[in-house]
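The next block holds one structure in the form of structure tokens; read it before the comments.
The values are calculated or read from the model by the stated rules, or taken from the named source; none is laboratory data. This structure is a prediction, so every number in the text was calculated from the model and none was measured. Note that we place each Cβ from the backbone using ideal geometry, even for glycine, and neighbour counts take in every protein chain shown.
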Protein chains: 2
Amino acid sequence: MNRKENILIIGAGLCGSLLALRLAQRGYNVNVYEMRPDLRKTNISAGRSINLAFSNRGNKAMALVGLEDKVKSLCIPMHGRMIHDKQGNTFMSNYSGREQEYINSVSRGELNALLLTEAEKHDHVNIYFNKKCKSVNFENTTALFKDYETKTEFVEDADCIIATDGAGSALRKSYYLGKKFLFSFSQNYLAHGYKELSILPTTAGDYKTFKNALHIWPRGDFMLIALPNLDGSFTVTLFLSYNQGKYNFNNLTTPETVTNFFKEEFPDALKIMPNVVEDFFKNPTGALGTIKCSPWHFKGNTLLMGDAAHAIVPFYGQGMNASFEDVVEFDAVLNKHEGNWENVFTEYEKNRKKDTDAIADLAIDNFYEMRDHVGQAIFQEKRKIEMALEKEYPEDYASKYSLVTFNEHIGYQEAMLKGRAQDKAILNLLSNNLISSNDDIKIILDKVSSETETILKENKIAGL
Amino acid sequence: MNRKENILIIGAGLCGSLLALRLAQRGYNVNVYEMRPDLRKTNISAGRSINLAFSNRGNKAMALVGLEDKVKSLCIPMHGRMIHDKQGNTFMSNYSGREQEYINSVSRGELNALLLTEAEKHDHVNIYFNKKCKSVNFENTTALFKDYETKTEFVEDADCIIATDGAGSALRKSYYLGKKFLFSFSQNYLAHGYKELSILPTTAGDYKTFKNALHIWPRGDFMLIALPNLDGSFTVTLFLSYNQGKYNFNNLTTPETVTNFFKEEFPDALKIMPNVVEDFFKNPTGALGTIKCSPWHFKGNTLLMGDAAHAIVPFYGQGMNASFEDVVEFDAVLNKHEGNWENVFTEYEKNRKKDTDAIADLAIDNFYEMRDHVGQAIFQEKRKIEMALEKEYPEDYASKYSLVTFNEHIGYQEAMLKGRAQDKAILNLLSNNLISSNDDIKIILDKVSSETETILKENKIAGL
């Protein structure tokens, strides 16, 4: 195998910069082209530092490239959801009955900067900014770029091209428009959009609300969430329908209506967000979409990775983690088939797609769960039972959330199938009055395990 | 309301010509543009007359426009599947335990010609052929056409535009490329393609195999089917993987391999298909895709109907029936909201999309059922029980197939939810040895009904 092969990576976001680093560590020549300016040289003002949930699957990738400790220093642990009701009461709902299981808030910009800097430490890595990919000739393994600085276009050649250029991927578009093969593709939008807002630090630089939680103001058809930043601020996101309900993105058009909306629905948040109106009208309204496609690769020439292959909605906090795990899975397939890109790409997609399809579906499920289920008594009873099971039997029980978030040794698909069956088992047992949260916890564990097995068996027979 | 409104219909296929007829009956001025030549003036040779399955939902539409009797004369009843095994043994599996429930083979061309002729009987209907729609300006309610005869392009204006231009719809493409609103869209291909072949009549003009059945040669990973035509021929379709298995479309490249394939797998069919090699290389290999999208309409300007909105795979025999039922549903909404196209289009999509999504999923399910399940003992036992239930309790039991195909008073979604729960109930009861086909049929009915209710209740609680 020739370790001097030239890899062209389109996009230097989280997935692309991690992939560049890993391929450089493996000895490849890597050229990365990014449409945006170098984020390490642009000034990100306080309160605008967007953050993401970072958890075990993402950490597995950081361990692979030797950055576990450096990333840890960027992380703020969040041990659970802090729920805010309409009266401003709060209560904490931990993510797991096991203490060591928590997620982290991390700055997208800081993490991306670290990965870029680590990748560039390798001589055979070059990262070019302000170069937008317009299309990819996947039959010839070349890509057409526009240089935003010189306003000229140029073509780059490579031994293989990997597109990590996000939900609007140029390579995916070339697959679709090229009509050279049957390309299955879907883009599905929710009827809700999102808007980023902020809770600024106190003048002393302190957090205005509890630091180590993911704050959530669930309101049925819409919700507000907040994740902490290292500088004392929180990044806040409003999820709201475009056109349904009393308040929606289409009718929140004046400072008065925005203020009234927050006064009515999020009075405690409004108190610590005096800047809400300014934020609301300064920031764009974003769409929430899921993208799936297949095949990801064309022969051994080109491959889609990260959001370019599988963009998901943010309701499971797994978008970045899934993209990082892509690189771990890709690396494992490289160990097996290095030297034959077509075999690498084929096996990578075969192994990986079932899992990224699963996390896409789980993320949609969670949107409806958060909206419709959180308030129902039977779901609250179920959650209570699951927390008790995880606490008393940490080795024997993991909820769907734990399987997805903290059990990085199993794939998303396995986590989904087992997690869904468990959920159904507990709900069946509760609705038939066969268990209650006052029962002996060992008896509950046995009944849930047995009912879960039955459901999995019956699903298998029915071909589900 | 102004009954002189001008409706532009793109596509004069089965859905478009039926829609034109119905809107003419309601008093609208209708202009239809079709890319192909007038099929009533082209010569369709024997054996090339493609046929389709016509059943209750399609018939509902024919009744609406007063063509039930005329269509009946084009129909060949098929009472069940005639299964052909590898040894050439055949056995008949009826579609229903109720005698009056059967499906029909009908010629696509004859049916389309009838609808065109009936539509053109109305003075205020004009149908233009050889005019291909290239794009639709949905904001201005205009469409751009290319005239294949004069080679010129022209723009047509209308009060509203309805696109019934099939899976490759120009309007749908304009929605997607226009990026004027969030357009959810999916195209998903199966790894199998299809090829049309034929069984010609005897020299005396008779059928070479049993006329009143849908013939099927199931072979696990691939299959052959045949539907009768009025002229004594059968249209045969081979469903086969593009690249998997010993024989596939990619490696069937010589007359010898095609002949060997048929000799090994379909010896009884080969005997009555001396023309198989000629057909095989003359006819293209078609792809099997599912298309879903949303929204179907832009304001009150434009609307997608039929395959343009929801193309499905052919494994439930419901493609044409679903498109015809679209017109029935649209007509019902017109009765309610006539005069306000935006309300008509909005309510039509709201009512209809859940059902076309359901039949798309059912058709995919059936592909896997036919491939993977038909040969399993538990599925055969289930089918036996269902036939007995339908025969003994025709008022109390209808299988999923019957609910979808013969129960046109309920929607596809309801049929799917109930049908799937019933399937799972019978399989659960069988696998737990709680019923057997030797039991008293009344006891089976009660157990199946009760288990089905439990499954539906549990699914509801789980939010499925």
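Quick notes on this one:
- In region A:38-55, the residues that are within 25 Å of A:Glu149 (Cα to Cα) form Cβ pairs under 7 Å with partners that are at pLDDT 55 or above and assigned to a loop (DSSP other than H, G, I, E, B), at six or more places apart or across chains, as follows: A:Asp38/A:Phe129.
- Residues of region A:173-196 that are of a type outside the set (D, E, K, R) and more than 11 Å from chain B (Cβ to nearest Cβ): A:Ser174, A:Tyr175, A:Gly178, A:Tyr194.
- Flag for A:Thr405 being modelled with pLDDT of 95 or more, among the hydroxyl-bearing types (Ser, Thr, Tyr) and in the same structural domain as A:Asp326 (by the TED database): no
- Restricted to helices (runs of 4 or more DSSP H) entirely inside region B:381-462, those with at least 2 residues that are more than 30 Å from A:Gln422 (Cα to Cα) and either of a type outside the set (A, V, I, L, M) or free of Cβ contacts under 8 Å to residues at least 24 places away in the same chain (or both) are B:400-406, B:441-461.
- In region A:414-460, the residues that are surrounded by 17 or more Cβ atoms within 10 Å (Cβ to Cβ) and either among the hydroxyl-bearing types (Ser, Thr, Tyr) or within 9 Å of chain B (Cβ to nearest Cβ) (or both): A:Arg420, A:Asp423, A:Lys424, A:Leu427, A:Asn428, A:Leu430, A:Thr452, A:Glu458
- Each residue in region A:142-167 was checked for being of a type in the set (S, T, N, Q) and either crowded, with 21+ Cβ neighbours inside 10 Å or outside the structural domain of A:Gly300 (by the TED database) (or both), and 1 of them qualify.
- Members of region B:168-184 that are surrounded by fewer than 20 Cβ atoms within 10 Å (Cβ to Cβ) and closer than 22 Å to B:Ile9 by Cβ: B:Gly168, B:Lys173, B:Tyr176, B:Leu177, B:Gly178, B:Phe183
- Boolean, B:Glu110 is over 18 Å from the mean Cα position of the chain (by Cα) and within 21 Å of B:Val327 (Cβ to Cβ): no
- Flag for B:Ala358 being crowded, with 23+ Cβ neighbours inside 10 Å and within 21 Å of B:Ala61 (Cα to Cα): no
- On inspection, A:Ser107 fails the criterion of being free of Cβ contacts under 8 Å to residues at least 40 places away in the same chain and at negative phi.
- All of (1) polar (S, T, N, Q); (2) in contact with a helix residue (DSSP H, G or I) (Cβ under 7 Å, 6 or more places away or on another chain); (3) within 14 Å of chain B (Cβ to nearest Cβ); (4) part of a helix (DSSP H, G or I) hold for A:Thr346 with one exception: (2).
- Selected residue (criterion: farthest from A:Ala191 (Cα to Cα)) from residues of region B:174-199 that are polar (S, T, N, Q) and assigned to a strand (DSSP E or B): B:Ser198
- Considering region A:205-223, and only residues there that are among the hydrophobic types (A, V, I, L, M, F, W, C) and at pLDDT below 95, the residue that is surrounded by the most Cβ atoms within 10 Å (Cβ to Cβ) turns out to be A:Trp217.
- When region A:157-190 is filtered for residues that are of a type outside the set (S, T, N, Q) and either within 19 Å of the chain's Cα centre (by Cα) or under 25 Å from A:Cys75 (Cα atoms) (or both), the ones remaining, listed by number, are A:Ala163, A:Asp165, A:Gly166, A:Ala167, A:Gly168, A:Tyr189, A:Leu190.
- Single residue of B:Val106, B:Val71, B:Val155 found to be under 30 Å from B:Phe54 (Cα atoms) and assigned to a strand (DSSP E or B): B:Val106
- Criterion violated by A:Asp357 - all others in (1) within 14 Å of chain B (Cβ to nearest Cβ); (2) modelled with pLDDT under 95; (3) within 21 Å of A:Val313 (Cβ to Cβ) satisfied: (2)
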